[in-house]
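Take a look at the structure below.
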Amino acid sequence: MTKPIKILSIETSCDETAAAVLSVELNGKKINSIKTLSAVVKSQIKLHAKMGGVVPETAARAHVKNILPVVNQALSNSHSQLSTINYLAVTQGPGLIPSLIVGVEFAKALSFATGIPLIPINHLSGHLYSALPNSQYPLPSTLFPLISLIVSGGHTMIVLMKDPFNYKIIGQTVDDAAGEAFDKVAKLLKLPYPGGPEVSKLASIGNSEAINFPRPMINSKDFNFSFSGLKTAVLYYVRDNKPISQLSDAKKQKFLKDICASFQQAAIDVLIKKTLRAAKEFKAKSVSLSGGVSANSELRRQLNLACKMLNITDLAAPFSMTGDNAEMIGIAAAMSLAKGTKLKSAKNIYADPGLGL
Ligand code: KG4
Ligand code: ZN
């Protein structure tokens, strides 16, 4: 029996200040188990709702205010003293630079002061690993090759994982991310921020066949996406109809519900079709779904159904890990340790807003 190690992970790439403590049983290159001892997320939604979107400087100031209490809370919820932590992990990028700097510099300072080594983590690898079954470590080889769909506010990509340590992007958005499209559609419909959950709430009671919005790039041979044209189609539809403010309450409600449902279905159709085409081409045994947009229950339901028809295992991030969180950063750090990635001195780790997967 190997002694479990403890990882304290920190995430501040956008508008959530998060920290988690994980206990990992590591045996050479094999992870025998990962247990989340605590996971704290302090959201800044209320702060940014007033402005209708994330203001980077405001986000950074809030991270500065929240980071110490959030880390302390994660330590105390896990009944851990800092002295029992074996590794620190922090999101290095991609993300908003003012936000990333707060987490990275905090983690570096903590590493200098305590001597605990620091593992820099790619935010997208966090989303990638968040969908793998946490209760099934060591990960069964029967899950691979795996096709992963990562859909967030900043990214939309299809990743091919040949095994738990080897992954590469095989397709991504050429313009807006899927979450960004949800947020922009919400904004033009004057729905509150953050838009994604609002659009999906209205969509759940609307008619998805009411308006035939375009499915950009659905038949292109590659695995790339484009969502900016879809958003513009919604904009033109709204512009070419009677102004929302002049509609009666009942008509307004129906108008909004149908636009949301039709837009959402157009986005889902493209996401699922491309993901399944990739799964077939690479003979995937499983498909995974993660990132903020994976909280969309209609996307989860339809992808699950499609995978069942093809006899492919369907994995989705638990709801607690769909939005930004530090638990997924801890899991990615455990994978990095298992892979044997050489650790850098903390002084050579810098926030990198454009870090690629
Ligand atoms: O992963 P995430 O928390 O942050 C980034 O890394 O970007 O993703 C946030 C995105 C936002 O665009 C938000 O509107 C979207 O996820 N989102 C949703 C839903 N919940 C969150 N989009 C569609 N349906 C939802 N239920
Ligand atoms: Zn994210």
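The values are calculated or read from the model by the stated rules, or taken from the named source; none is laboratory data. Please read all numbers here as calculations on a predicted model, not as lab measurements. Cβ: placed from backbone, ideal geometry, glycine included. Neighbour counts: every protein chain shown.
Yes or no, residue by residue, for (1) within 16 Å of ligand 1 (Cβ to nearest atom); (2) more than 21 Å from the chain's Cα centre (by Cα); (3) not in a helix (DSSP H, G or I):
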| site | (1), (2), (3) |
| --- | --- |
| T2 | no, yes, yes |
| T17 | yes, no, yes |
| R61 | no, yes, no |
| I116 | no, yes, yes |
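Screening D175, D163 for residues that are without any contact (Cβ under 8 Å) to a residue 40 or more places away in the chain, of a type in the set (D, E) and more than 13 Å from ligand 1 (Cβ to nearest atom) leaves exactly one candidate, D163.
Across the stretch 340-357, the number of residues qualifying as exposed (fewer than 10 other Cβ atoms within 10 Å of the Cβ) and either in contact with an Asp or Glu (Cβ under 7 Å, 6 or more places away or on another chain) or of a type in the set (D, E, K, R) (or both) comes to 1. Tallying residues that are under 19 Å from P4 (Cβ atoms) and touching a strand residue (DSSP E or B) at 6+ places or on another chain (Cβ under 9 Å) within the stretch 134-147 yields 5. Filter the stretch 311-338 down to residues that are loosely packed, with under 13 Cβ neighbours inside 10 Å and within 22 Å of A284 (Cβ to Cβ), then give me how many there are. Here the count works out to 1.
If the condition is being away from ligand 1 (no atom under 12 Å from the Cβ), in a loop (DSSP other than H, G, I, E, B) and touching a Ser or Thr at 6+ places or on another chain (Cβ under 8 Å), then the stretch 319-344 contributes only A326. Could you please let me know if I34 is touching a strand residue (DSSP E or B) at 6+ places or on another chain (Cβ under 8 Å), modelled with pLDDT of 95 or more and farther than 25 Å from P4 by Cα? Taking the combined requirement at face value, the residue does not satisfy it. Beta carbons closer than 6 Å, at least 6 apart along the sequence or on distinct chains, pair a first residue in the stretch 74-95 that is within 15 Å of T17 (Cβ to Cβ) with a second that is acidic (D, E) and within 16 Å of ligand 2 (Cβ to nearest atom) for T91/E11. Reported count of residues in the stretch 74-96, each being crowded, with 17+ Cβ neighbours inside 10 Å and either assigned to a helix (DSSP H, G or I) or of a type outside the set (G, A, S) (or both), is 10. Applying the condition of being within 14 Å of the chain's Cα centre (by Cα) and either farther than 20 Å from S43 by Cβ or part of a helix (DSSP H, G or I) (or both) to the stretch 280-298 and asking which residue is farthest from ligand 1 (Cβ to nearest atom) yields S288. Condition check: out of contact with any Ser or Thr (no Cβ under 6 Å at 6 or more places or on another chain), of a type in the set (D, E) and in contact (Cβ under 8 Å) with a residue 60 or more places away in the chain. Does D249 satisfy that? Criteria not met by D249. Could you tell me whether K221 is of a type outside the set (A, V, I, L, M, F, W, C), closer than 19 Å to T156 by Cβ and surrounded by 13 or more Cβ atoms within 10 Å (Cβ to Cβ)? The answer is no for K221.
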